[in-house]
Amino acid sequence: MIYASDLDQTLIYSVRSMGMDIDLSVMQPAEMYKERIISYISIATLQQLQQVAEQITFVPVTTRTLDQYARIHIFQNKVIPQYAITSNGANILVNGVVDEEWHKQILADVYTKSAPAAEALALFHTVSDPSWIVAEHFWESTFYSIVVDRELMPLDTVLALQPQLEALGWGMSVQGRKVYLVPFPVSKNRAIAEVKQRVGASKVIASGDSILDRGLLDVADYSIAPAHGELYRESIAEPGLRHYSFTSTSGILAADEILQYVVATLDQEGKVSYES
């Protein structure tokens, strides 16, 4: 069995994204950047995650690039996964080493199945304005992340581009201050299906908060999302799209609830050992 989870605003949180004033004494620093703590995981969540990782295969699944993922030190000294998925599925790491053959296949599929990256960005620029664009990055020759001023960005106008982007073979996700443009062949669900096959797992538990996590949650046998983020807002606007469970809490407290759900699911599946 596999537990596959998104990271940012699902398991780990910046101070800004915690959603409330939290006593940092009950938090574990998760990530350092330029000698500064930039994200945390609750001690309760980490302890439960360690318990889960001892029982089944835990796979971090993130849109972060390789370098950004490497900053999360808890996956180097607290919970050390055999497999990790970065760059929204463009990379699979095996014991910390990139599977080059997988990455080459993804890039080949992007080339043949999606419009050129410049076309997707040009479409986005038909509605963008320099007044609310902070920075643009094209990561690993694969996808864009565009840092924006959310107060100035016309969200509805941007989201209205989705059908045109999809016609180009690209998806879009708005997460906090970032807009992601990602080609369809680069997907978390495709990468987790590959890992599932490699480890011979029969079932998957998944968690995530964004549109880029939807495919992952949809293909999982058990799925849960936090009561914040794109998927939650979508479920409020269109209840018919609510295909999986949501936590009752939001912010960093949702992570504790997510791990409680995972542990309960493993108990249900007979996968949890209670030996001390």
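The values are calculated or read from the model by the stated rules, or taken from the named source; none is laboratory data. The structure presented is a predicted model; accordingly, all values stated were derived computationally and were not measured. Backbone-built Cβ (ideal geometry, glycine too); neighbour counts: all protein chains shown. For accessibility, only protein heavy atoms count, side chains too; no ligands or nucleic acids. Shrake-Rupley method; radii C 1.70, N 1.55, O 1.52, S 1.80 Å.
Observations
- Largest to smallest in accessible area, the residues GLU151, GLU140 fall in the order GLU151, GLU140 (1.4 Å probe, all protein chains included).
- In the range 205-264, the GluC sites (Glu not before Pro) that fall in loop regions by DSSP, at most 12 other Cβ within 10 Å: none
- Shown in residue order for the range 150-163 are the 3J(HN,Hα) couplings computed by the Karplus curve 6.51 cos²θ - 1.76 cosθ + 1.60 at θ = phi - 60°: 5, 5, 9, 5, x, 4, 4, 5, 5, 5, 5, 6, 3, x Hz (x for Gly and Pro).
- Net +/- balance of residues flanking GLN68 in space, Cβ distance below 14 Å, scoring K and R +1, D and E -1: -1
- Cα gyration tensor shape of the range 170-233, rounded if a/c is under 1.5, else prolate or oblate by comparing a/b with b/c: oblate
- Relative contact order, percent, the range 1-79 [alpha-carbon distance under 8 Å, six or more residues apart]: 39 percent
- Of all accessible heavy-atom area on the range 167-254, the percent that carbon and sulfur account for (1.4 Å): 50 percent
- Separation of the range 13-71 and the range 104-160, taken as the distance between their Cα centroids, equals 27 angstrom.
- Sequence-distant residues sharing a close amide H with VAL59 (under 5 Å, placed H): TYR3, ALA4, SER5
- Probing with 1.4 Å while keeping every protein chain in the model, the per residue accessible area of the range 72-219 equals 45 Å².
- Spin-label model, GLU54/LEU66: points 7 Å from Cα along the beta carbon direction are separated by 3.3 nm.
- Looking at the chain, the DSSP beta bridges with both ends there are about 65 percent antiparallel.
- Restriction of the GluC sites (Glu not before Pro) in the range 33-117 to DSSP coil positions whose beta-carbon has at most 15 other beta-carbons within 10 angstrom yields GLU35.
- Based on protein heavy atoms only, the range 1-46 ends up with 48 Å² per residue of surface accessible to a 1.4 Å probe.
- In terms of its C-alpha gyration tensor, the range 204-276 comes out prolate, because a/c is 1.5 or above and the ratio a/b outweighs b/c.
- Here the Karplus curve 6.51 cos²θ - 1.76 cosθ + 1.60, taken at θ = phi - 60°, turns the phi angles of the range 172-180 into couplings of 9, 9, 9, 10, x, 8, 10, 10, 9 Hz, with x standing for Gly and Pro.
- In this calculation the C-beta distance from ILE37 to LEU121 is compared with R0 = 35 Å, giving a FRET efficiency of 0.60.
- Calculated P(r) of the chain - Cα pairs past 32 Å, %: 21 percent
- Rough spin-label spacing in nm, given labels placed 7 Å along Cα→Cβ, for SER141 and ILE22: 3.8 nm
- Most fluctuating residue given options ILE38, ILE22, ILE74, as computed from a GNM of the chain linking Cα atoms under 10 Å: ILE22
- Residues GLU101 and ALA160, FRET efficiency given R0 of 41 Å [Cβ-Cβ distance, rounded to 0.05]: 0.60
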